[in-house]
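To keep things clear, I will list the structure first and then write my remarks on it.
The values are calculated or read from the model by the stated rules, or taken from the named source; none is laboratory data. Keep in mind that this is a model prediction, so the values were computed, not measured. Cβ coordinates were reconstructed from backbone atoms using ideal geometry, including for glycine residues, and neighbour counts include every protein chain displayed. Keep in mind that these areas ignore ligands, DNA and RNA; they rest on the heavy atoms of the full protein, side chains included. Shrake-Rupley method; radii C 1.70, N 1.55, O 1.52, S 1.80 Å.
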Amino acid sequence: MKTWNAQGGRPRKEPKERKDWRLNLCFTEEEYNALSREMEDAGYKDKLGLYAKSKLLNQQGTVPHNPKVLFAALNKLSPELKKVGANINQIARYVNYLDKNNMVNPAFILEYNQHFKRMAEVQHEYALAIKAYLRAIVK
C-alpha cells in the first residue's frame, strides 16, 4: 500500500540523469532562420533545443535525421502498399481462374508476370533504401 507523500510532484532524477548546466545562446535573425531551416530539414520541427544539443555534441558537427519523420512517411505509405497487395491478389485469383478455364491469352499471363516481377524488384529496392537510411543514421 502506498503512503501519502506531502511533497508530491515528479520523483527525483538519478544523479547521472540530472542536467546541472545551462547554456544560453544569442543569434541574429539570419542565423536563427538558417538554423531553423536546417532543423526542419533534419526533421526536428519545433524542437530547436534537442536539435542544437545533438548538433553540439555530435563529433562531425552534423545531426542525423529524426527517425520520426521516416516513420511518419512509412505510416502514410503502409496502407497504400496494402491496397496494392490486395489488388495484386485479386488479379492473381482472376488470372488463375481464367487460366484454369482456358479463357486467357498466354501473352497476357507473360505480360502480367513481367509486371509482377518489376513490382517485386521495386519493393525490394524500397526496402534496401530504408535499411540503408536507418543504418546511416545509427552510425
Check your understanding: Karplus couplings for segment 127-135 from phi (6.51 cos²θ - 1.76 cosθ + 1.60, θ = phi - 60°), rounded to Hz, Gly and Pro as x?
Key -> 5, 5, 5, 5, 4, 5, 4, 5, 5
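Taking the solvent-accessible surface of protein heavy atoms with a 1.4 Å probe, what is the per residue accessible area of segment 91-139 in Å²?
88
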Check your understanding: Roughly how many nanometres apart are two label points built 7 Å out from the Cα toward the Cβ at Phe108 and Arg12?
Key -> 7.7
**Study point:** Estimated inter-spin distance, Glu30 and Glu125, nm [label 7 Å along Cα→Cβ]
**Key:** 4.2
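Let a ≥ b ≥ c be the square roots of the eigenvalues of the Cα gyration tensor of segment 10-139; is it rounded (a/c under 1.5), or, if not, prolate (a/b larger than b/c) or oblate?
Here segment 10-139 falls in the prolate category.
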Revision key, fill the gap. Scoring only Lys, Arg, Asp and Glu (+1, +1, -1, -1) among other residues with Cβ under 11 Å from the Cβ of Lys47 yields +1
Practice item. Give me the distance in nm between label points sitting 7 Å out from Cα along the Cα-to-Cβ direction at Ser78 and Asn96, one decimal. Key: 2.7
Review point. From the backbone phi of segment 45-56, what are the Karplus-calculated ³J(HN,Hα) couplings (6.51 cos²θ - 1.76 cosθ + 1.60, θ = phi - 60°) in whole Hz, Gly and Pro given as x?
Key: 4, 6, 10, 4, x, 5, 5, 4, 5, 4, 5, 5
